[in-house]
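The values are calculated or read from the model by the stated rules, or taken from the named source; none is laboratory data. Since the model is a prediction, treat every value here as computed from it, not as a measurement. Neighbour counts run over all protein chains shown; Cβ positions are idealised from the backbone, glycine included. Note: areas computed on protein heavy atoms with side chains; ligands, DNA, RNA excluded. Shrake-Rupley method; radii C 1.70, N 1.55, O 1.52, S 1.80 Å.
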Amino acid sequence: MRVWIIGSYGIVSTTAMVGAKNLEYGYDDYTGLVSELPHFQDLKNHFSSHFEFGGHEIRMKKNAYDAAIEHWNLNRHFDFKLLENVREDLEAIEAKTGTALNCGSGLNELGEIKTLENGSLSLREIADILISDMREFANEETVVINTASTEPLPNYKDEYHGTLDGFERALDENKTEYISASMLYAYASLKLGIPYANFTPSAGSSIPALKELARVNKTPHAGNDGKTGETLVKTTLAPMFAYRNLKVLGWMGYNILGDFDGKVLSHKDNKESKVVSKDSVLEKILGESPYSITEIEYFPSLADNKTAFDFIHFKGFLGTAMKFYFIWDAIDAIVAAPLIIDLARFLLFAKKKGQFGVVKELGFFFKSPMETNIVNTHKQFEILYQWYQELK
Ligand SMILES: NC(=O)c1ccc[n+]([C@@H]2O[C@H](COP(=O)([O-])OP(=O)(O)OC[C@H]3O[C@@H](n4cnc5c(N)ncnc54)[C@H](O)[C@@H]3O)[C@@H](O)[C@H]2O)c1
């Protein structure tokens with residue numbers, strides 16, 4: 001299969017590339033891959049086991065190996081041999097220049113960047129270049145996955161985001177203030193009929209105009225924002241309080257992380273989308289919104305070792321208040337990277353089975369799943385399993 005990754009030189013992306021290529025060469029530890037569970041037996045057999053990667057970037061490294069080694073030196077997040085095994089494959093992956101339109105002040109943290117709009121191209125011209133890059137790479141077994149840095153909340157305007165016609169008009173009239181990079185990438189992918197997943201909280205394909213494009217072009221898509229850490233634990237534990245009729249009085253989640261992701265999220269405009277994405281799950285599970293604090297702070301020395309401290313205050317029988325605490329201490333890219341492979345497999349499976357539009361059944365993988373209020377991890381897993389059983 002071919003996977004086009006937006007943000008190809010990021011740590012999630014390069015870790016996914018290292019994992020996928022090692023699997024292709026016979027590495028047989030499937031831990032962390034949902035698609036390798038017995039529940040989804042045969043899923044991977046629908047596609048070629050050969051992985052090819054390409055993508056768009058704005059940090060100009062030499063190639064994906066150059067980016068991967070930079071992340072590895074900071075994090076040493078897996079056995080170095082696994083990187084060296086696939087060195088040549090990664091050296092052959094050279095990202096195309098992308099767009100950083102309306103990506104917020106956080107991008108100043110990425111160092112020197114190069115973007116298509118530096119060359120003062122119009123929106124339509126940028127979209128055409130993205131489309132042509134993806135077209136050149138794609139075959140029948142291709143997916144696009146967005147793992148670029150988190151953008152600020154979009155400047156939503158129904159006139160341009162509400163319908164496909166409106167979106168096309170915004171491109172033709174060069175309405176740059178309303179269109180963000182993640183929308184342009186999603187547009188390019190869906191325009192070509194390539195399944196698309198948004199692993200970030202950025203708008204991506206979630207605006208009505210692009211959902212319409214996915215339906216018109218009969219293309220499956222899914223998002224938003226990979227559910228990999230604190231929110232995964234939160235949406236797995238919160239149902240327990242609901243099932244036992246315990247009242248959650250308040251929930252505090254305090255996240256600290258370093259690395260590029262942490263640096264970008266230290267900017268208020270970029271952080272806002274992430275906080276909204278993390279914050280909205282409790283109400284959906286508990287039926288009411290308890291007092292909640294969600295903080296994300298940059299902590300340089302941790303690099304990709306994200307740590308979340310959660311404190312839950314709850315009330316039980318006879319009105320007695322009690323407390324529950326947990327700490328999630330994980331390497332962010334290690335919990336995220338296998339999901340990139342999973343999403344590629346499940347989306348291609350959806351395409352093969354004629355599914356199109358938002359594939360709600362893939363909500364299991366996301367913090368803010370599109371078009372469903374089900375965020376309870378247990379229910380989401382059941383839904384994914386049933387969906388697979390019915391279609392396979
Ligand atoms: N567990 C996780 O790591 C996890 C979970 C959920 C969501 N996410 C999201 O996934 C994304 C990637 O995380 P990461 O840790 O790999 O971050 P990262 O900073 O290592 O990688 C992001 C990459 O995207 C590139 N980029 C930024 N803007 C771009 C643009 N407009 N076009 C093309 N490339 C662009 C950057 O140069 C960088 O190489 C972030 O948005 C993060 O919030 C990560």
In this structure, does residue 200 turn out to be open to solvent by 20 Å² or more (accessible area, probe 1.4 Å), among the hydroxyl-bearing types (Ser, Thr, Tyr) and modelled with pLDDT of 95 or more? no
Evaluate the range 32-47: report whether one residue or more is modelled with pLDDT of 95 or more, under 18 Å from residue 304 (Cβ atoms) and open to solvent by 70 Å² or more (accessible area, probe 1.4 Å). no
Tell me whether the range 178-190 contains one or more residues that are in contact with an Asp or Glu (Cβ under 7 Å, 6 or more places away or on another chain), open to solvent by 10 Å² or more (accessible area, probe 1.4 Å) and within 29 Å of residue 2 (Cβ to Cβ). no
List the number of the failed condition for residue 236; all other conditions in (1) within 16 Å of the ligand (Cβ to nearest atom); (2) modelled with pLDDT under 95 hold. (2)
Could you list, in sequence order, all residues of the range 297-340 that are crowded, with 16+ Cβ neighbours inside 10 Å, more than 11 Å from the ligand (Cβ to nearest atom) and assigned to a helix (DSSP H, G or I)? 302
Cβ-Cβ distance below 8 Å, separation of 6 or more or different chains: which pairs start in the range 78-103 with a residue that is more than 16 Å from the ligand (Cβ to nearest atom) and end on one that is among the hydrophobic types (A, V, I, L, M, F, W, C) and open to solvent by less than 30 Å² (accessible area, probe 1.4 Å)? 80/72; 82/18; 86/17; 86/18; 89/17; 91/64
Among the residues of the range 272-296, how many are without any contact (Cβ under 8 Å) to a residue 40 or more places away in the chain and open to solvent by less than 40 Å² (accessible area, probe 1.4 Å)? 1
Considering residues of the range 264-315 that are modelled with pLDDT under 90 and in contact with a Pro (Cβ under 8 Å, 6 or more places away or on another chain) only, the residue nearest to residue 332 (Cα to Cα): 274
Do we have any residue at all in the range 128-141 that's small (Gly, Ala, Ser) and open to solvent by less than 10 Å² (accessible area, probe 1.4 Å)? no
Could you pull out the residue among 101, 83, 90 that is over 19 Å from residue 333 (Cα atoms) and open to solvent by less than 60 Å² (accessible area, probe 1.4 Å)? 101
Subset of the range 203-244 (residues that are more than 26 Å from residue 337 (Cα to Cα), open to solvent by 20 Å² or more (accessible area, probe 1.4 Å), not small (Gly, Ala, Ser) and not assigned by TED's automatic domain parsing to the domain that holds residue 352): 240, 243, 244
Can you spot a residue in the range 5-23 that is closer than 15 Å to residue 88 by Cβ and of a type in the set (Ser, Thr, Tyr)? yes
Being closer than 21 Å to residue 197 by Cα and outside any loop (DSSP other than H, G, I, E, B), is that true of even one residue in the range 88-107? yes
For the range 242-271, give me each residue that is aromatic (Phe, Trp, Tyr) and touching a residue at least 60 places away in the same chain (Cβ under 8 Å). 251, 260
Pairs, please: C-beta under 7 Å, at least 6 apart or cross-chain, first residue near the ligand (Cβ under 7 Å from one of its atoms) and in the range 1-19, second among the polar types (S, T, N, Q) and open to solvent by 10 Å² or more (accessible area, probe 1.4 Å)? 6/147; 7/147; 7/149; 10/147; 12/147; 13/147
Residues located in the range 110-153, provided they are within 9 Å of the ligand (Cβ to nearest atom) and out of contact with any strand residue (DSSP E or B) (no Cβ under 8 Å at 6 or more places or on another chain): 149, 150, 151
